[in-house]
1. What does the net charge come to around GLN81 if you take all other residues with beta carbon closer than 14 Å to its beta carbon, with K and R at +1 and D and E at -1?
2. Could you list, bin by bin from short to long, the percent of Cα-Cα pairs of region 250-331 in 10 Å steps?
3. Using all C-alpha to C-alpha distances in region 43-139, build P(r) with 10 Å bins and read off the rounded percent in each one.
4. Say each of ARG218 and VAL197 gets a label point 7 Å from the Cα, pointing the same way as Cα to Cβ; how far apart are those two points in nm?
5. Just report the Cα centroid separation between region 141-187 and region 252-299, whole Å.
6. Of the options ALA265, SER211, LEU312, report the single residue whose Cα projects farthest towards the positive end of the charge dipole of region 193-340 (beta-carbon charges: Lys, Arg +1; Asp, Glu -1).
7. With a 1.4 Å probe and all protein chains left in place, how much of the accessible area of the chain comes from carbon and sulfur atoms, in whole percent?
8. Once the whole set of protein chains is in place, how much accessible area is left on THR328, using a 1.4 Å probe, in Å² to the nearest 10?
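The values are calculated or read from the model by the stated rules, or taken from the named source; none is laboratory data. Remember, predicted model here, so these are calculated numbers, not experimental data. No Cβ is skipped: glycine too gets one built from the backbone with ideal geometry, and neighbour counts run over all protein chains shown. Quick note on the areas: whole protein, heavy atoms, side chains included, nothing else; ligands and nucleic acids left out. Shrake-Rupley method; radii C 1.70, N 1.55, O 1.52, S 1.80 Å.
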Amino acid sequence: MRASVKRLNKAPPGKRRFLFLQGPISPFFAEVAAGLRRHGHEVFRINLNLGDRLFWRGPGGVDFTDKPEAWRRWIEAFLDQQAISDLVLLGEQRFYHQEAIAAAKARGLAVTVTEWGYLRPDWIILERDGTGRESLFPRDPATILREAKGLPLPDLRQCFADHFPSQAFWDIAYHAGLLFPFRFRHFRNHELIHPLVTYAGIGLRLLLRPSENRRSARILADLRARRVAFWVFAMQIQNDFSLRAYSSFPSMGAALQEAMASFAAHAPVDAALLVKLHPLDPYAQNWPMRISAMARKLGVERRVHVAPRGDLDAMLSAAQGMITVNSTAASRALALDKPMKLLGQSVFNVPGLAFQGALDDFWTKAEAPDAALRDAFFALLSAAYMVRGVYFGREGRRAAVQATVDRLDRGLINLPLPAPEPGNA
């Protein structure tokens with residue numbers, strides 16, 4: 001049984017000792033650490049490679065240079081020797097993070113995980129223990145409705161723009177550091193695709209973006225003009241841990257194959273499937289060609305279409321519904337009142353929001369999400385499990401840093417911020 005949100009996270013008394021592990025490839029963690037120091041907390045950071053070092057400013061940085069097999073005992077000793085009270089990291093599924101979380105939980109320490117937000121584009125996750133399947137967000141509709149009572153609905157309009165040039169520059173600088181391991185030659189990388197392949201693929205897609213947008217718009221316009229009923233399959237990047245760790249699929253291709261086979265066998269014969277590629281997928285697997293080959297084998301080559309880019313909201317507005325593994329595109333389907341089927345473990349996979357029946361039944365039996373439950377879901381998620389802001393753009397990062405420092409300092413993780421006292425802003 002999941003613990004109630006209200007019973008978690010009592011604010012620890014006094015000043016604490018924070019340990020940061022790997023974070024976003026940006027100054028975000030260094031700026032959060034500086035804010036915590038201003039509140040009187042002690043802050044440490046363990047660098048696992050030279051790239052980590054590039055994004056840490058201030059005292060408290062410690063290098064781990066031993067082999068991965070030595071990490072568990074080393075981190076246990078560090079937690080004990082430095083009397084760490086809080087562990088903060090990006091994502092919980094990297095090898096080093098899994099081991100550190102296990103050691104921290106065995107000692108009763110607070111673990112705070114950040115990630116790109118369940119709502120996009122300018123929210124980030126800040127929650128206890130983990131995300132996705134590991135999230136402590138309630139999956140019971142009655143609990144969500146109860147705990148969201150009195151919370152305001154979030155404004156889902158974009159407030160902050162991220163900054164892709166900064167993201168790209170910092171990412172290249174970080175991975176350049178991995179090319180010169182020096183003392184960090186034993187570092188175990190969690191990424192599946194070599195950065196050079198990723199950069200080449202994303203660079204090509206940036207060059208092709210105008211033509212990809214035009215092609216996607218033509219496909220959508222054609223489906224609308226012919227009044228074809230269609231569903232959207234929102235793809236994810238193979239590197240994404242929400243696919244790798246929180247689904248039963250060994251690859252994105254396997255998830256696509258299952259969805260397309262079900263569509264071929266059980267969707268109305270005059271319906272279509274629109275596969276929306278992730279805009280940052282590096283095309284290492286040439287998805288358009290693979291998807292066409294899958295469709296031919298299933299006999300639905302004329303009914304399956306690939307949108308390499310395009311406006312997701314426009315696609316969903318015209319669609320019957322959406323299928324995905326764990327993509328945060330689910331938040332857009334909810335906002336647009338569209339039925340959706342999730343093939344993995346996700347905070348969105350709640351009865352009344354996502355279809356709980358078999359995929360084969362989704363094409364003919366799915367219903368729109370419950371409006372009251374959806375509003376409560378958005379209200380609780382935004383008030384207690386995320387903060388507004390971004391990792392890269394300056395203004396959005398400043399807002400996210402301020403909110404993160406405030407929540408960590410006050411111990412308000414997985415809890416809504418208290419209402420301001422009368423007369424105070």
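1. Taking every other residue near GLN81 into account, the sum is 0.
2. 16, 54, 29, 1
3. 14, 45, 33, 8, 0
4. About 3.0 nm, to one decimal.
5. The two parts, judged by their Cα centres, are 28 Å apart.
6. My answer, from the dipole projection, is SER211.
7. Carbon and sulfur together cover 54 percent of it.
8. Here the accessible area works out near 30 Å².
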